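These notes are about the structure you will find just below.
The values are calculated or read from the model by the stated rules, or taken from the named source; none is laboratory data. Worth saying up front: this structure is predicted, and the values here are computed from it rather than measured. Note: ideal-geometry Cβ built from the backbone for every residue, glycine included; neighbour counts use all protein chains shown. Side chains are part of the model used for accessible areas, which takes the heavy atoms of the whole protein and leaves out ligands, DNA and RNA. Shrake-Rupley method; radii C 1.70, N 1.55, O 1.52, S 1.80 Å.
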Amino acid sequence: MTPFLSVRDLSVRFATEDGTVQAVDGLSFGLERGRTLGIVGESGSGKSVTSLAVLGLHDPRRTTIRGEILLDGQELTGAPEPVLEKLRGDTMAMVFQDSLTALSPYYTVGRQIAEPFRKHTGASRRDARLRAIEMLEKVGIPNAALRVDDYPHQFSGGMRQRAMIAMALVCDPELLIADEPTTALDVTVQAQILDLLKDLQQQTGSAIVLITHDLGVVANTVDELLVMYAGRAVEYGTVREVLREPRHPYTWGLLGSMPRLGSDVEEPLSPIPGTPPSLLAPPPGCPFHPRCAFTAEVGGERCATERPELPDGRGGACHLSAERKRSIFTGQIKPRLG
Ligand code: SF4
């Protein structure tokens with residue numbers, strides 16, 4: 001059976017003055033209603049490009065999208081803009097990272113929540129305002145009936161993020177894409193926003209894609225986890241599987257570069273050496289090979305010449321054998337992670 005959101009062999013390319021950027025290459029994943037998929041990776045790994053492709057928000061004049069994006073069986077790749085525009089808001093919505101940029105400073109928060117509701121449902125101004133107040137209450141804004149007339153600058157960062165979630169959910173979308181929704185917030189507010197998303201999901205049964213560069217954010221929030229590097233999926237599994245026994249050296253690196261609760265503050269983190277490759281000329285073979293400490297384990301030039309595929313279901317796109325990965329992880333990586 002096809003999942004509610006099904007992405008198959010997605011490729012996204014941008015034409016730039018310097019050449020063609022292969023931002024996403026051969027990406028596949030599925031997501032059911034009521035589940036949350038985390039997509040994790042460094043900047044430029046293709047996470048946000050993927051979400052914009054699902055929402056149909058790329059500029060078609062400079063973007064080439066290939067592959068299949070099915071939402072409840074409906075093909076979104078190449079769908080006409082009016083169809084996508086109707087789906088955005090009715091069926092799918094997005095929460096952006098930067099609420100100051102995403103919310104207009106010229107309109108009240110209430111109006112910005114009420115307008116998409118009016119547009120998509122044909123509700124009267126009065127009913128749309130009542131709906132905006134209801135949504136602000138739902139996302140935990142105190143005195144919602146008064147705050148509905150505030151402008152964004154009168155809200156704190158956490159409240160603006162809640163208002164953006166209210167705006168995204170006002171038409172009860174079945175798919176919500178949250179792109180780094182907590183990055184600009186302090187840790188306490190971060191946890192509140194993630195709890196809020198989970199609560200709202202339990203009420204509505206929506207599917208959520210949570211995009212983040214921070215593995216700490218996904219641990220208690222997502223069901224499945226997709227790790228992306230240089231535009232490709234390098235690891236997939238349930239969040240428990242991936243965090244307990246990661247099967248890709250890049251995931252080991254991401255985990256090793258996170259601070260641990262209870263660790264000595266003097267203890268240095270282990271950042272991944274090097275930088276992500278330019279997507280104007282991605283490296284051949286495994287895209288991680290210029291930064292990987294385990295290429296000698298595979299032997300010869302295989303990592304630099306042969307692209308490892310991500311197996312269907314649980315797995316990592318790496319030439320190391322399953323046994324070798326397990327022994328490296330338990331012997332070398334786990335002691336470092338603690
Ligand atoms: Fe490292 Fe080779 Fe595995 Fe890529 S395929 S992650 S370079 S060991």
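What to note about this one:
- Screening Lys325 on (1) touching a residue at least 60 places away in the same chain (Cβ under 8 Å); (2) open to solvent by less than 60 Å² (accessible area, probe 1.4 Å); (3) away from the ligand (no atom under 14 Å from the Cβ) shows it passes everything except condition (3).
- The single residue among Asp90, Asp59, Asp72, Asp9 that is among the acidic types (Asp, Glu) and farther than 30 Å from Thr121 by Cβ turns out to be Asp9.
- Residue check for Pro3: at pLDDT below 95 and open to solvent by 40 Å² or more (accessible area, probe 1.4 Å): no
- Condition check for Ser11: in a helix (DSSP H, G or I), touching a residue at least 12 places away in the same chain (Cβ under 8 Å) and of a type outside the set (D, E, K, R): no
- Screening Pro277 on (1) assigned to a loop (DSSP other than H, G, I, E, B); (2) near the ligand (Cβ under 8 Å from one of its atoms); (3) open to solvent by 30 Å² or more (accessible area, probe 1.4 Å) shows it passes everything except condition (2).
- Of all residue pairs spaced 6 or more apart or on separate chains, those with beta-carbon atoms under 6 Å, a first member in region 106-128 that is within 14 Å of Ala145 (Cβ to Cβ) and a second member that is in a loop (DSSP other than H, G, I, E, B) and among the β-branched types (Val, Ile, Thr) are Gly110/Val148; Ile113/Val170.
- Boolean, Lys198 is open to solvent by less than 80 Å² (accessible area, probe 1.4 Å), among the basic types (Lys, Arg) and assigned to a helix (DSSP H, G or I): yes
- Of all residues making up region 19-55, the number that are touching an Asp or Glu at 6+ places or on another chain (Cβ under 8 Å), closer than 18 Å to Leu70 by Cβ and of a type in the set (S, T, N, Q): 2
- Residue match in region 41-48 (condition: touching a helix residue (DSSP H, G or I) at 6+ places or on another chain (Cβ under 7 Å) and either hydrophobic (A, V, I, L, M, F, W, C) or free of Cβ contacts under 8 Å to residues at least 40 places away in the same chain (or both)): no
- Set Ser278, Ser270, Ser257, Ser206: member being within 27 Å of Phe96 (Cβ to Cβ), at pLDDT below 90 and of a type in the set (Ser, Thr, Tyr): Ser257
- Annotation note: of Asp98, Asp25, the sole residue that is buried (at least 19 other Cβ atoms within 10 Å of the Cβ) and among the acidic types (Asp, Glu) is Asp25.
- Qualifying residue in region 53-64 (condition: of a type in the set (Asp, Glu), in contact with a Ser or Thr (Cβ under 7 Å, 6 or more places away or on another chain) and more than 19 Å from Pro277 (Cα to Cα)): no
- When region 288-309 is filtered for residues that are in a loop (DSSP other than H, G, I, E, B) and either near the ligand (Cβ under 8 Å from one of its atoms) or open to solvent by 50 Å² or more (accessible area, probe 1.4 Å) (or both), the ones remaining, listed by number, are Phe288, Cys292, Ala293, Phe294, Gly300, Glu301, Glu306, Arg307, Pro308, Glu309.
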